[in-house]
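What follows draws every value from the coordinates through simple rules; no lab data is involved. Values in this document were obtained by computation on a predicted structure and should not be read as measured data. So basically every Cβ, Gly included, is an ideal-geometry build from the backbone, and we count neighbours across all protein chains shown.
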Amino acid sequence: MAGKVKLSVIVACYNEEKNIAETIRRVHKTVPDAEIVVVDDGSKDATAKIAKEACRKLKVKKYQVIRYTPNKGKGNAIKVGVEAATGEIQAQVDADSQFPPEELPRLIKPILDGKAELTFASRFVKGSTVQKGSLTRMRRLANYVVSGFTSVLAGTRLTDVNAGFKAWKTDAIRKIDFNCAHFGYEPEIAILAKEKGYRIVEVPVNYKGRQTGISNVKLLRDGVIIPYHLLKVKFGRRGKY
């Protein structure tokens, strides 16, 4: 449709000044007509400034760099991006490019083909690859626990709900009232999406692991605390957490 953006790519980030410019470059090279929405979740470094400079240098047709303080969590940043994006389809890409932006076309294809309202990348389905040493046993265990728990509550099998590479139709995600401010927003979206009858398709991905910087994933939170919050999501709607 003339004048409308088909795809918006949301990049939520916190202290990613070493990675954000390269991620923007790779996103823009892969989907040059996409809107790029960078949400700086209270960074203490120059992430937002570098993001703006990168978008201008690359002559990105449409972009937004949203910054707020204090840090509120990735789930909050994604929700801000969801509301701000103007595309008919949205995708989330991690700021460190551990999930290759080059695979965005494969990620959104089931949505474009009318086979899904949401797509989740998975490192554990046929066609995926995982770089050796990029996933520790503890991280695999935490992911197994959260994905298994989410599958039970959502009533559909999901193998890698924590993967930070997802896409959704804009009109669908805006009808999903997810409120988790931290990393639990991903399984929360899955549970609430299935309650609304939305189709979720898992897409294989080639995982490289974090390139530089420190991961914000916390094993205790992701393997123990998140399942507790998901019970609250499923059996008694809650406020923001």
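Would you compute, from DSSP H runs of 4+ residues alone, the mean residue ellipticity of the chain at 222 nm, taking -39500 (n - 2.57) per run and dividing by the full residue count, rounded to the nearest 500? Can you show the working numbers first?
Values: 8 runs with 84 residues, N = 241.
When only DSSP H runs of four or more count, the value is -10500 deg cm²/dmol.
Give, in nm to one decimal, the length gained when the segment between Glu195 and Glu53 is fully stretched (0.36 nm per residue of separation minus the Cα-Cα distance).
Extending this stretch completely gives an extra 47.0 nm.
Among Lys169, Lys44, rank each residue by its count of other Cβ atoms within 10 Å, from fewest to most, as a rough exposure measure. Mind dumping the intermediate values first?
Working: Lys169 19, Lys44 11.
So the ranking, lowest neighbour count to highest, is Lys44, Lys169.
What percent antiparallel are the DSSP beta bridges of the stretch 7-234, to the nearest 5?
25 percent
For labels at Lys126 and Lys62 in the simple 7 Å Cα→Cβ model, what's the distance in nm?
3.8 nm
Which of the three applies to the stretch 40-95, rounded, prolate or oblate, going by the alpha-carbon gyration tensor with a ≥ b ≥ c and a/c under 1.5 meaning rounded?
The shape class here is oblate.
For a Förster distance of 41 Å, can you work out the FRET efficiency between the beta-carbons of Glu22 and Val152, rounded to the nearest 0.05?
Given R0 = 41 Å and the Cβ-Cβ separation, E is 0.60.
In whole angstrom, how far apart do the alpha carbon centroids of the stretch 46-89 and the stretch 94-162 sit?
Result: 23 Å between the Cα centres.
So if the hydrodynamic radius of the chain is defined as the Kirkwood radius over C-alpha pairs, what does Stokes-Einstein give as its diffusion coefficient at 10 °C and 1.306 mPa s, in µm² per second?
89 µm²/s
Calculate the dipole size of the chain relative to its Cα centre from +1 charges on Lys and Arg beta carbons and -1 charges on Asp and Glu beta carbons; express the result in debye to the nearest 20.
120 debye
Using 7 Å Cα-to-Cβ label points, what is the Lys44/Thr30 separation (nm, one decimal)?
3.1 nm
For Tyr207, list long-range residues whose amide hydrogen, built 1.01 Å from N in the peptide plane, is under 5 Å from its own amide hydrogen.
For Tyr207, whose amide H was placed from the backbone, the distant partners under 5 Å are Thr129, Val130, Gln131.
If you take the square roots of the eigenvalues of the alpha-carbon gyration tensor of the stretch 66-108 and sort them as a ≥ b ≥ c, do you get rounded (a/c under 1.5), prolate (a/b over b/c) or oblate? Before the final figure, lay out each step's value.
Details: a/c = 2.96, a/b = 1.47, b/c = 2.01.
Oblate, since a/c reaches 1.5 and b/c is not below a/b.
In whole Hz, with x marking every Gly and Pro, tabulate ³J(HN,Hα) for the stretch 5-12 from phi via Karplus 6.51 cos²θ - 1.76 cosθ + 1.60, θ = phi - 60°.
The phi angles translate into 8, 6, 10, 10, 10, 8, 10, 7 Hz.
Report the gain in length on full extension from Glu88 to Tyr144: 0.36 nm times residue separation, minus Cα-Cα distance, nm rounded to one decimal.
Between Glu88 and Tyr144, full extension yields an extra 17.0 nm.
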